[in-house]
């Protein structure tokens with residue numbers, strides 16, 4: 001098959017990892033997978049085995065399947081020289097209505113929640129493309145560390161409001177006096193033009209270690225050194241960071257956004273429905289005070305997330321795409 005992905009950039013955000021990961025697997029299986037984006041240059045942060053081309057070429061190049069998930073390049077998806085055109089819904093967005101109203105586009109969702117929303121709200125069939133995780137990058141790593149410390153890890157893109165990172169920081173501050181050994185670990189890669197450095201925006205009395213632009217080969221080490229990973233994300237389809245934490249056998253506290261497929265409250269994670277710092281703090285405190293629960297959730301979360309590998313996702317997509325042609 002000849003598959004084209006149309007993206008606005010190849011930076012470390014906006015669902016780009018998804019296309020690189022599934023593209024690599026499609027290429028390994030003998031398919032063509034090209035990523036079209038404005039500059040046409042290859043990604044610098046993760047190896048890509050397919051081709052990258054300037055976005056305008058998707059109009060003239062012959063492909064069988066064209067996929068995009070970004071509204072800013074929707075015009076290129078509609079004009080692409082491809083037999084089937086798919087919009088890949090990665091989250092809840094006001095423009096989903098416009099996309100789903102276009103009967104020339106097929107709709108695909110990255111979580112069961114997104115697929116259900118598309119069917120219920122817009123009356124469209126939705127290809128389930130749920131996942132994923134790369135166990136070669138994200139896996140448990142044995143870390144020598146100070147057991148007296150309590151380490152809470154959180155994604156650090158503070159300026160992106162949908163991540164609700166400040167709420168996690170406020171939640172941790174609630175019980176910092178009781179647990180002075182508490183440490184916050186945050187990570188982010190500056191993106192945008194000009195690049196925004198989130199480290200300059202963080203204000204808290206809790207000791208913080210902020211990891212910026214960490215190489216992919218060190219991400220498993222980062223997740224593995226944490227006792228608890230916390231996410232208060234809103235409007236997500238699939239939460240990469242929560243899935244990555246689980247794959248590194250780290251206990252997770254999370255919102256329902258982007259996690260419903262793998263975060264089962266009390267079984268694989270502790271899940272909150274309202275993003276209030278007090279409610280988030282209660283969940284975190286349970287895991288601080290109950291080491292056995294923390295260990296059990298980490299183990300069960302690790303087992304659960306193994307079914308959502310990128311390889312398993314491509315198994316499904318390969319069959320779906322062949323049936324479309």
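What follows is calculated from the coordinates using simple rules that are stated; it is not laboratory data. Nothing here was measured: the structure is a model prediction, and the numbers come from that model. Note: ideal-geometry Cβ built from the backbone for every residue, glycine included; neighbour counts use all protein chains shown.
Once the Cα atoms are used to define both axes, helix 165-174 deviates from the longest principal axis of the chain by about 10 degrees. Which residue fluctuates the most in the chain, going by a Gaussian network model with Cα springs under 10 Å, if the choices are 155, 211, 88? In this elastic network of the chain, the residue with the biggest mean-square fluctuation among 155, 211, 88 is 211.
Once every DSSP H run of n ≥ 4 in the chain is given -39500 (n - 2.57) and the sum is divided by its residues, what mean residue ellipticity at 222 nm do you get, rounded to the nearest 500 deg cm²/dmol? Write down the numbers at each step before the final one.
Numbers: 10 runs with 103 residues, N = 325.
Only helices count here, giving -9500 deg cm²/dmol.
Quick check: from the Cα gyration tensor, does region 1-127 come out rounded (a/c under 1.5), prolate or oblate? Taking the square roots of the gyration eigenvalues as a ≥ b ≥ c, region 1-127 is prolate.
Give me the angle, in degrees from 0 to 90, between the Cα long axis of helix 112-122 and the longest principal axis of the Cα atoms of the chain, rounded to the nearest 10. So the helix axis and the longest Cα principal axis differ by about 50 degrees.
Using only Cα atoms and rounding to the nearest 10 degrees, what angle (0 to 90) does helix 16-28 make with the longest principal axis of the chain? That helix lies at roughly 60 degrees to the long axis.
Annotation for residue 325 and residue 39: the two label points, set 7 Å from Cα along the Cα-Cβ direction, are 3.1 nm apart. Bridges between two residues of region 150-307, per DSSP, are antiparallel at a rate of about 5%.
Could you grab the relative contact order for region 121-213? Cα pairs under 8 Å, six or more apart, rounded to a whole percent.
Details: 91 pairs, mean separation 26.0, N = 93.
Worked out over region 121-213, it gives 28 percent.
Which of 169, 27 has the fewest other C-beta atoms within 10 Å, and how do the rest follow up to the most?
The most exposed by this proxy come first: 27, 169.
Distance from the Cα centroid of region 225-281 to that of region 63-77 is 30 Å (rounded to whole angstrom). Post the alpha-carbon centroid distance, region 93-145 to region 165-210, in whole angstrom. With region 93-145 and region 165-210 each reduced to a Cα centre, they are spaced 28 Å.
Assuming 0.36 nm per residue, please report the length gained on full extension of the stretch residue 176 to residue 216 beyond their Cα-Cα distance.
Values: separation 40, 0.36 × 40 = 14.40 nm, distance 3.07 nm.
Contour length minus Cα-Cα distance gives 11.3 nm.
Structure remark: mean-square fluctuation, Gaussian network model of the chain, C-alpha springs under 10 Å; the largest value among 54, 194, 180 belongs to 194.
Can you classify region 223-286 as rounded, prolate or oblate using the Cα gyration tensor, where a ≥ b ≥ c are the square roots of its eigenvalues, rounded means a/c under 1.5, and otherwise it's prolate if a/b beats b/c and oblate if not? The partial results should precede the final answer.
Working: a/c = 1.59, a/b = 1.10, b/c = 1.45.
Oblate is the answer for region 223-286, as a/c is 1.5 or above yet b/c matches or exceeds a/b.
Looking at the square roots a ≥ b ≥ c of the eigenvalues of the Cα gyration tensor of region 150-307, which shape do they give, rounded for a/c under 1.5, prolate if a/b is larger than b/c, or oblate? List each step's numbers first, then the result.
Working: a/c = 1.42, a/b = 1.18, b/c = 1.20.
It is rounded, given that a/c, with a ≥ b ≥ c, falls under 1.5.
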